[in-house]
Amino acid sequence: MVADVLRWISILIIAFAAGNLIKKIKMPAILGWLIVGMIFGPHAVGLLPQKVLEASWYKTIIMWMQCSFGVMLGSELIWKKLKSSGKALIITTLTQSLGTFVTVSLVFGIVFYFTNIPVFLAFVFGGIALATAPALSIVKEFNAKGPVTDTLLPMTILDDVVGISVFFTVNSIVARMVSGGSIPIYMIPVMIFLPVVIGAIVGFPIGLLLNKCHSKITTLAVVLLGITITMTSGYLINRYLFSSIALNYMLMGVSFSAVFSNMVTEEQLAKINHHFSPVLAVSLLAAIVDLGSPLDYHLILGAGLYTFIYIVARAFGKYFGARTGAKITNLPKTVCNYLGLTLLPHSGVSLVFTGIICSTLAGSQMLVQIVQGTIAAAAIINEFIAVIAAKKGFELAGEIVL
């Protein structure tokens, strides 16, 4: 076990270095992490073999990391910000998010119908496609300012809410379908809401404690304690009370973080996020390497058609969904024309979603391979295309000066 742990840590260090190299060519670091995971996984070099991926110590760490990663998303769900976002922003978020879900699901539904693949898998692709990494790094790097930027920033928060809600609903329904109906219909809302309840119950007392913390060490210790309690509670409840379903630890982390984030001041939350950022960075790194490890690069090379369809359908849904919402709500012309381009970058969350749905589909290796191969290839190819498109969108909107 010690040797396995050391090998895993070594791979994380290599992945970190690869991510930094990728960043030098203006690409997201997660691409480097994903590639390193694939290279050292069981289908290539094998330094991280299947026995390690299935080991209890490894699964426990990854569950904690997933819960930790959820903290980042939950800290964006501030009620005051959501409330002040405005009707136009909410409508535009729904049109681009749900428009993407409908477009991708419809296109793949047709494709799978004629290729004798279960049509429900189309909704899986639709749910994953919602995950977006709005080009915030470009906003920061080039100090973008203007209507597109002003619309994009709060939309990031609302987009997470819609994406998480739709994906976990789809995941719950698919879980029941692939179980052959062994999961009762009433367990679907349990799968969605129980993680939220677990996180919220832990998040409330943690929020009270954080209001009394003033030092970096105590603040970070309280947050880490909350994550550990949340993960452990979820694990025990899942194992002894609801063993027939798989609860999601990232959603627990989202709920846990959302509760305490709304209980502290904006200034204090900024400090908490700053103190927590190194832990978040390691958690995200480990989660992405874990997602890359079981991926077979042969599948990626062979998933050309599905990958192409996925990238095009998702881009169509994002761009025209955003354009439609902006026109309906009379947002500025630049927002109508270019907001969709800034929403094209995919998200590390999409890879996390992929890992979750593949666990749900574990009983059908064929379906797992289709999802893994398609999304892994899309994550790599789309980032190169989408980052360039997003940057061009800001340029055309006149919001960055090169």
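Observations on the structure shown:
- Modelled label positions at Ile25 and Phe193, each set 7 Å beyond Cα in the direction of Cβ, lie 4.9 nm from each other.
- Measuring against 30 Å, Cα to Cα, the residue pairs Lys80/Lys212; Lys87/Lys212; Lys23/Lys51; Lys87/Lys392 contain Lys87/Lys212; Lys23/Lys51 as the ones spanning a longer distance.
- Full extension of the segment from Lys327 to Thr218, taken as 0.36 nm per residue of separation minus the current Cα-Cα distance, would add 34.4 nm.
- Selection from Ile229, Ile385, Ala175 lying farthest towards where the dipole of the chain points positive, charges on Cβ: Ile385
- Residue among Gln268, Gln66, Gln96 with the largest mean-square fluctuation in a Gaussian network model of the chain, springs linking Cα atoms under 10 Å: Gln268
- Computed with a 1.4 Å probe over protein heavy atoms only, the accessible surface of segment 1-94 comes to 51 Å² per residue.
- About the Cα centre, charge dipole magnitude for the chain (Lys/Arg +1, Asp/Glu -1 at Cβ), debye: 500 debye
- Accessible surface calculations at 1.4 Å, restricted to protein heavy atoms, place segment 256-380 at 37 Å² per residue.
- log10 of Debye I(q)/I(0), alpha-carbon scatterers only, for segment 234-294 at 0.15 Å⁻¹: -0.67
- Packing, as the average of other Cβ atoms within 10 Å across residues, places the peptides 246-253, 193-200 in the order 246-253, 193-200, highest first.
- Residue with peak Gaussian network fluctuation, the chain [Cα springs, cutoff 10 Å], from Ser293, Ser233, Ser277: Ser277
- Approximate spin-label separation Ile9-Trp79, in nm, with each point projected 7 Å along Cα-to-Cβ: 4.3 nm
- For the chain, relative contact order (Cα pairs under 8 Å, six or more residues apart, normalised by length) works out to 29 percent.
- Segment Val102-Asn211, extension gain: residue separation times 0.36 nm, minus the distance between their alpha carbons: 35.0 nm
- Taking all C-alpha pairs of the chain, those more than 29 Å from each other amount to 43 percent.
- Of the residues Gln50, Val71, Ala17, the one whose Cα sits farthest towards the positive end of the charge dipole of the chain is Val71 (charges of +1 on Lys and Arg Cβ, -1 on Asp and Glu Cβ, taken about the Cα centre).
- Seen from Phe69, the other residues with C-beta closer than 15 Å to its C-beta sum to a net charge of -3, counting Lys and Arg as +1 and Asp and Glu as -1.
- Rolling a 1.4 Å probe across all protein chains gives Lys327 an accessible area of roughly 120 Å².
- Label point 7 Å beyond Cα of Thr60 along Cβ direction - residues of segment 236-274 with amide nitrogen under 14 Å: 236
- Taking the accessible area of segment 1-121, probe 1.4 Å, and keeping the other protein chains in place, the carbon and sulfur fraction comes to 72%.
- All Cα-Cα separations within segment 208-263 were binned at 10 Å from zero, giving a P(r) of 22, 45, 24, 9, 0, each value a whole percent of the pairs.
- Across Ile61, Ile217, Ile11, mean-square fluctuation computed from a Gaussian network of the chain (C-alpha pairs under 10 Å connected) peaks at Ile217.
- A Förster radius of 51 Å combined with the Cβ-Cβ distance from Thr228 to Leu396 puts the calculated FRET efficiency at roughly 0.60.
The values are calculated or read from the model by the stated rules, or taken from the named source; none is laboratory data. All of these numbers come straight from a predicted model, not from anything done at the bench. So basically every Cβ, Gly included, is an ideal-geometry build from the backbone, and we count neighbours across all protein chains shown. For accessibility, only protein heavy atoms count, side chains too; no ligands or nucleic acids. Shrake-Rupley method; radii C 1.70, N 1.55, O 1.52, S 1.80 Å.
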